[in-house]
1. Quick one: K61 ticks every box in (1) surrounded by 14 or more Cβ atoms within 10 Å (Cβ to Cβ); (2) closer than 14 Å to N78 by Cα bar one, so which box is it?
2. For segment 303-361, what are the residues that are under 19 Å from V134 (Cβ atoms), part of a helix (DSSP H, G or I) and of a type in the set (F, W, Y)?
3. Please find, among A234, A249, the residue that is over 28 Å from S319 (Cβ atoms) and surrounded by 16 or more Cβ atoms within 10 Å (Cβ to Cβ).
4. With the requirement that a residue be farther than 21 Å from I246 by Cβ and buried (at least 22 other Cβ atoms within 10 Å of the Cβ), what does segment 218-231 give you?
5. Identify, from the list N78, N87, N62, N38, the residue that is of a type outside the set (A, V, I, L, M, F, W, C), without any contact (Cβ under 8 Å) to a residue 40 or more places away in the chain and touching a helix residue (DSSP H, G or I) at 6+ places or on another chain (Cβ under 6 Å).
6. Which of the residues spanning segment 1-35 are crowded, with 24+ Cβ neighbours inside 10 Å and among the small types (G, A, S)?
7. If G96 meets every condition in (1) in contact (Cβ under 8 Å) with a residue 60 or more places away in the chain; (2) out of contact with any Cys (no Cβ under 7 Å at 6 or more places or on another chain); (3) more than 26 Å from I323 (Cα to Cα) apart from one, which number is that one?
8. Condition first: in a helix (DSSP H, G or I) and over 26 Å from L320 (Cβ atoms). Can you find one or more residues in segment 281-292 that meet it?
Amino acid sequence: MRKAQIITIIGAGATASIISRFLAKNKDIKQIRICARNIETAKEFVDLQAPKITFREVDAKNVSQIAEFAKGSSLIINASLPDFNKNIMQAALEIGANYQDMCSRLKDFKTVEQLEFYSEFKRAKLKAIINTGVSPGITNTIARKMAREYDKIESIKIRHIEDIDSKKPVLTWSPKVIVDEITSPPLVFEQNKFAFREPFEKEETYDFGMPFGKTRVYSIYGDEVATLPYFVHAKNIDVKAGGREIESALKLYEGIQKTKMDKYEYAIKNAGKIPTPKELAKMIGKKEVREGNFISAIKIDGLRGKRESSLEALVVYPSLTKIPKAFCGANHISYATGLAASVYATTFTKIKKFGVFPPEDIGIAAEKYVISNLMKNGVQIAYAKAESATYAAQNLHMIEARVQNLRCLTWQNRDVYKR
């Protein structure tokens, strides 16, 4: 019989709320400790009276406070800002706990700070899985799985739709997170070298299939590019996104470029704040928000043997109106991110090594577990492939190889995934 676990979550926002609700359903977890700086803010997102939940006000800047609150935990999850990754990792080492987070701070936009702790975690016989949301996170894991089919990879393209159908723009992340994302120079891997682009440049049209079809996408910052080249030998890797949320983000970015105001103050003044679950539920009830969609496409072009090959994965997360009632008030982005993180949080026993690992380095057993559990929770994953000796010249459309009903295609029934 497994020993019942205690898990500590740093942060009490939208994503932490989803993670805690998923983990609370796990029979192997007896207690979930949640901490944040302000209990009143925490109450807006997290049910602090729920079974298994305990809360305390803790400053994530204070390593000793974190360690004292988390003592006895088997895992600490940073569901707050990446600014606190290193503090929380230090606290995890002090109390002998595994560690997990959502994304990297990347102070220079390309160096993953969590990997500095690899040797310390390995010596302590502890595990850390970093960047465990959707993007980065699920995109990394699926890209690594697909890459094993190739002998040589020309490119990995990661494309997203972040779309909300509402009367007026609605934030799905905190203003600070959004501002940091849209003002950071997108990191790309071009011709086997890291490089930077300007935010929202290199616009292109990407075909996501029905119902979105051809959608305009732009270069955005994606943490995936900072780690994938070390584990997947691809010549080119980049991340782009489109949809109404991204178009709104572009307008916000253009306004930030012109204003003399502090960029965070400008964002709060012009974009507001992320709605609490109760506020979002009311907006949906009044039809002020009608639907929201989050879709990821991962496409690899390269050689399998001597044949030019293209393989695409389309990952469709539950839309805003399809989110289970138990998570009423969650948005389509926070729900997908929290679901992904909660699955990674239960993956540690599948990883048979110690150290610090991005989602593309968790191993085949853990990959299968993550993907299987996503699908059990309503995430649809479809695949399309095309091979031709003259593939590049023919510019074959991946969309022509994809069936319309995503439920027809799963990891289990595609012959390309026998490994």
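1. (1)
2. If the condition is that a residue be under 19 Å from V134 (Cβ atoms), part of a helix (DSSP H, G or I) and of a type in the set (F, W, Y), then F327, Y335, Y344 are the ones that fit.
3. Working: A249 fails: over 28 Å from S319 (Cβ atoms).
When all the criteria are applied, what remains is A234.
4. Going through segment 218-231, the residues farther than 21 Å from I246 by Cβ turn out to be 227-231.
Answer for segment 218-231, where residues must be farther than 21 Å from I246 by Cβ and buried (at least 22 other Cβ atoms within 10 Å of the Cβ): T227, L228.
5. Sole residue among the options that is of a type outside the set (A, V, I, L, M, F, W, C), without any contact (Cβ under 8 Å) to a residue 40 or more places away in the chain and touching a helix residue (DSSP H, G or I) at 6+ places or on another chain (Cβ under 6 Å): N87.
6. G11, A12, A14, A16, S17, S20
7. Exception for G96: condition (1).
8. Of the residues in segment 281-292, the ones in a helix (DSSP H, G or I) are 281-285.
Keeping just the survivors that are over 26 Å from L320 (Cβ atoms) gives none.
No, segment 281-292 contains no residue that is in a helix (DSSP H, G or I) and over 26 Å from L320 (Cβ atoms).
The values are calculated or read from the model by the stated rules, or taken from the named source; none is laboratory data. All values derive from a computational prediction rather than experimental measurement. Neighbour counts are summed over all protein chains in view; Cβ atoms, including those assigned to glycine, are modelled from backbone coordinates with ideal geometry.
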